[in-house]
1. Give me the pairs: first residue in the range 100-120 and more than 20 Å from Met155 (Cβ to Cβ), second residue in a helix (DSSP H, G or I) and among the polar types (S, T, N, Q), beta-carbon distance under 8 Å, and six or more apart or on different chains, which are they?
2. Given (1) surrounded by 10 or more Cβ atoms within 10 Å (Cβ to Cβ); (2) modelled with pLDDT under 85, where does Val74 come up short, assuming only one miss?
3. From the set of residues in the range 161-178 that are touching a Lys or Arg at 6+ places or on another chain (Cβ under 9 Å) and under 16 Å from Arg101 (Cα atoms), which is surrounded by the most Cβ atoms within 10 Å (Cβ to Cβ)?
4. Checking the condition touching a Leu at 6+ places or on another chain (Cβ under 7 Å) and within 26 Å of Val190 (Cα to Cα), which residue from Val99, Val73, Val87 passes?
5. Tell me the helices (runs of 4 or more DSSP H) entirely within the range 100-214 that contain at least 2 residues that are touching a Phe, Trp or Tyr at 6+ places or on another chain (Cβ under 8 Å).
6. Can you find a residue in the range 84-94 that is touching a residue at least 12 places away in the same chain (Cβ under 8 Å), in a loop (DSSP other than H, G, I, E, B) and among the basic types (Lys, Arg)?
7. Working only within the range 115-150, note down all residues that are surrounded by fewer than 15 Cβ atoms within 10 Å (Cβ to Cβ) and acidic (Asp, Glu).
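The values are calculated or read from the model by the stated rules, or taken from the named source; none is laboratory data. Being a predicted model, the structure only gives us computed values, none of them experimental. Methodologically, a virtual Cβ is constructed for each residue, glycine included, from the backbone with ideal geometry; neighbour enumeration extends over all protein chains shown.
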Amino acid sequence: MRYFLSSFILLCLVVVSIAGFRGERSRRPPVELFPDMDRQPKLRPQEHNNFFPDQLSSRLPVEGAVPRSKPLVVDGREIYPFEDNPVNTGRIPVTTNFVERIPLPLTEQLLARGQQRYTIHCAPCHGAAGDGKGITSKYGMIAMANFHDARLVKMPDGEIFNTITYGKNLMGAYGPNVTLTDRWAIIAYVRALERSRLASLDDVPEGLRSTLKK
């Protein structure tokens, strides 16, 4: 035991003498075990480079290259995934505020797609009616969000988009599994479910009011 303690203390002294104490400032250069991780052979954008005839480091894609992503066309404008756009982030550009309404045109096709995706991804927990009484509630899972609660009815569409993308509390992130457009389609269908439960007679077109059952 005495030899072990002596060896351990000696090892600590050697480590401290080489690496120093944590947080200690020194003018000596740090010990680089893998210098290639700190000093990588790379070229920065628009940097001079003698290797190419035009001497530019930035290169255009080679002929036949397959793009990693395609732009989403909204109102005739192409929106790429890297843009700070409400369609991608659910937030007002250059702010942290969520957008109040869906930034995509609300169409019958979008609602139909939202119903399909909602049934697959959301209904097992939130229920077919959006009341939080899905099949998982019968197996001990509780506290599922009820979309008819006033808090969620008043919640901005961008915040719901953020929750679907990154998850919240017990809900996991669906961003990797549900496409960008499908997330907005689901939100559109959720709003339709809310209107079906919370709408008043004034929300029904006058020509259709007589067809409603009292």
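1. Qualifying pairs under 8 Å: Arg113/Thr181.
2. (2)
3. Applying the first criterion (touching a Lys or Arg at 6+ places or on another chain (Cβ under 9 Å)) to the range 161-178 yields 161-162, 164-165, 174-175, 178.
From the residues that got through so far, the ones that are under 16 Å from Arg101 (Cα atoms) too are 161-162, 164.
Values: Phe161: 26, Asn162: 18, Ile164: 24.
So the residue we want is Phe161.
4. Values: Val99 fails: touching a Leu at 6+ places or on another chain (Cβ under 7 Å); Val73 fails: touching a Leu at 6+ places or on another chain (Cβ under 7 Å).
Unique residue meeting the criteria: Val87.
5. On the way: elements: 108-121, 123-126, 150-153, 157-166, 180-198.
Where helices (runs of 4 or more DSSP H) fall fully within the range 100-214 and carry at least 2 residues being touching a Phe, Trp or Tyr at 6+ places or on another chain (Cβ under 8 Å), they are 108-121, 157-166, 180-198.
6. No, the conditions are met nowhere in the range 84-94.
7. Matches in the range 115-150: Asp149 only.
Each row is one residue, and each column tells you yes or no for (1) farther than 30 Å from Ala185 by Cα; (2) among the aromatic types (Phe, Trp, Tyr); (3) surrounded by 10 or more Cβ atoms within 10 Å (Cβ to Cβ).
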| position | (1), (2), (3) |
| --- | --- |
| Tyr3 | yes, yes, no |
| Leu10 | yes, no, yes |
| Glu32 | yes, no, yes |
| Asp36 | yes, no, no |
| Lys42 | yes, no, no |
| Val66 | no, no, no |
| Phe82 | no, yes, no |
